[in-house]
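Here's the structure we're looking at; comments come further down.
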Amino acid sequence: YQGVLGIGDFVTAVYAVNNLSNNLLQFSNIIPQFSEHALFINNYLEVLNYQTQIQSEKDAEEISPFGKKEIELKNVSFHYPNVDCNAINSVSLHIRAGEKIAIVGENGAGKSTLIKLIMRLYEPDTGELCLDKTPYNQITKNSIAEVFSVVQQDFQHYALSIKENITLVGHRGQKEHTDDEAVWDAIRRVGLFEKIDSLPKGIDTQVTKEFDEEGLNFSGGQLQRLAIARMIYQNSGVMIMDEPSSSLDPISEAKIFDLIYELAKDKTLILVSHRLSGVKDMDRILYMEEGCIKESGTHAQLMQLDGKYAKMFKIQAERYGDNETV
């Protein structure tokens, strides 16, 4: 270099300086975003590092998932984080083995929270839950999970085969049964056999057309039955159904409740529902309000009591043109 800069060198220098300036500008714009992104990273790390508060004792026992189960809640209370009031308030409840229980009430009464406590998805703040007279903390978490076959209000279906949608939960039936035999049995019991048997791929047909143009888009009622088939396949001793007919018309609802009663003959059943017409035949109906069980009894007993349950039932009966009150 002798103090003379050629045109090519000048253009290269200008281009380099311009690139450096742009890169520095971009970097300066990124720096303020670090703190914002760190908030999301902290949330992500918090989830990764979360330690469950639901613990069992070191010598916790395994229990069989089969057969009717007895469930007892003793003075159970629970509140959600950052909420002052309790979602469940000093609830004591004894569900006999094989009993059919309905839990009803207005939105926010604590019905779904109570179900989650029974399934041990939540740990109570105070009180104790027992399964066949054994405290939950003396039973392994996996054993408790296997006791319950569940159809949630927001049940899910997946872009997988019909068989895979049903077998996701795992089968606890007779060991000599193959998966296909158990799947077809569940399909037959929910009334989908003829439809699925007529499909070229049978139970290997994809649910939805998301990944397979030959897949099948089921109706809402059929998906509900598919979710129940999943529960049948699981074959546990306690059936829990949270609003099983929430998206169904009255005729389909009646068919679903008939199916539920048939399936629950040799099991303990806990049913959460806003539709009171489907719970009249339950062994016991619990009316919840503000996290407490306010009324308990058969349909006839609660109608005679003429309390909140009776009022709610009469309102629904008028809406559907049903004059029956007892």
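FYI, it's all coordinate maths here, none of it is from the lab. From a predicted model like this one, the values you see are computed outputs, not experimental measurements. No Cβ is skipped: glycine too gets one built from the backbone with ideal geometry, and neighbour counts run over all protein chains shown.
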*Proximal aspartates and glutamates to Lys308, defined as alpha-carbon separation beneath 16 angstrom and excluding residues fewer than eight positions away on the same chain*: Glu106, Glu289, Glu290, Glu295, Glu318
*Which trypsin sites (Lys or Arg not before Pro) does region 1-101 hold that lie in a coil by DSSP with at most 10 other beta carbons within 10 Å?*
Lys58
*Towards the positive end of the charge dipole of the chain, with charges on Cβ (+1 Lys, Arg; -1 Asp, Glu), say which of Thr12, Met241, Ser219 has the farthest Cα.*
Met241
_Helix-derived mean residue ellipticity, 222 nm - over the chain, DSSP H n ≥ 4, -39500 (n - 2.57), to 500_ = -12500 deg cm²/dmol
*Just for the chain, what percent of DSSP beta bridges are antiparallel, to the closest 5?*
45
*Which residue, chosen from Gln301, His274, Ile315, occupies the Cα position most advanced towards the positive end of the dipole of region 272-315, where the dipole is computed from +1 (Lys, Arg) and -1 (Asp, Glu) charges on Cβ about the Cα centre?*
Ile315
*Debye sum, Cα scatterers, region 71-319, no solvent: what log₁₀ I/I(0) at q = 0.10, 0.11, 0.16, 0.17 1/Å?*
-0.53, -0.63, -1.20, -1.30
*asked:* For Cα pairs less than 8 Å apart in space and 6+ apart in sequence, what is the mean separation divided by the residue count of the chain, i.e. the relative contact order in percent?
replied: 22
*For Thr12 paired with Gln152, estimate the spin-label separation in nm (one decimal), with each label point 7 Å from Cα along the Cα-to-Cβ line.*
6.3
*Report the residue, chosen from Phe78, Phe193, Phe27, that carries the largest GNM mean-square fluctuation when the chain is represented by alpha-carbon nodes joined by springs under 10 Å.*
Phe27
*Suppose R0 equals 35 Å; then what is the FRET efficiency for Lys209 and Leu45 from their Cβ-Cβ distance, rounded to the nearest 0.05?*
0.35
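Give me the dipole magnitude in Debye, nearest 20, for region 11-170 about the Cα centre, with unit charges on the beta carbon: positive for Lys and Arg, negative for Asp and Glu.
The calculated dipole for region 11-170 is roughly 320 debye.
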*asked:* Full-extension gain between Asp180 and Cys85, please, as 0.36 nm times their residue separation minus the C-alpha to C-alpha distance.
replied: 29.4 nm
*Of Gln26, Gln51, Gln138, which is the most mobile in a GNM of the chain whose springs link Cα atoms less than 10 angstrom apart?*
Gln26
*Using the structure shown, list the pairs from Lys111/Lys294; Lys141/Lys163; Lys111/Lys314 with a Cα-Cα distance above 18 Å, or answer none.*
Lys141/Lys163; Lys111/Lys314
*asked:* At 7 Å along Cα-to-Cβ for each site, give me the label-to-label distance between Ile31 and Gln53 in nm.
replied: 4.2
*Within the chain, what's the longest run with no GluC sites (Glu not before Pro) in a DSSP loop and at most 12 other beta-carbon atoms within 10 Å? Give the range, please.*
63-175
*asked:* What's the magnitude of the charge dipole for the chain around its Cα centre, counting Lys and Arg as +1 and Asp and Glu as -1 at the beta-carbon? Answer in Debye, nearest 20.
replied: 540
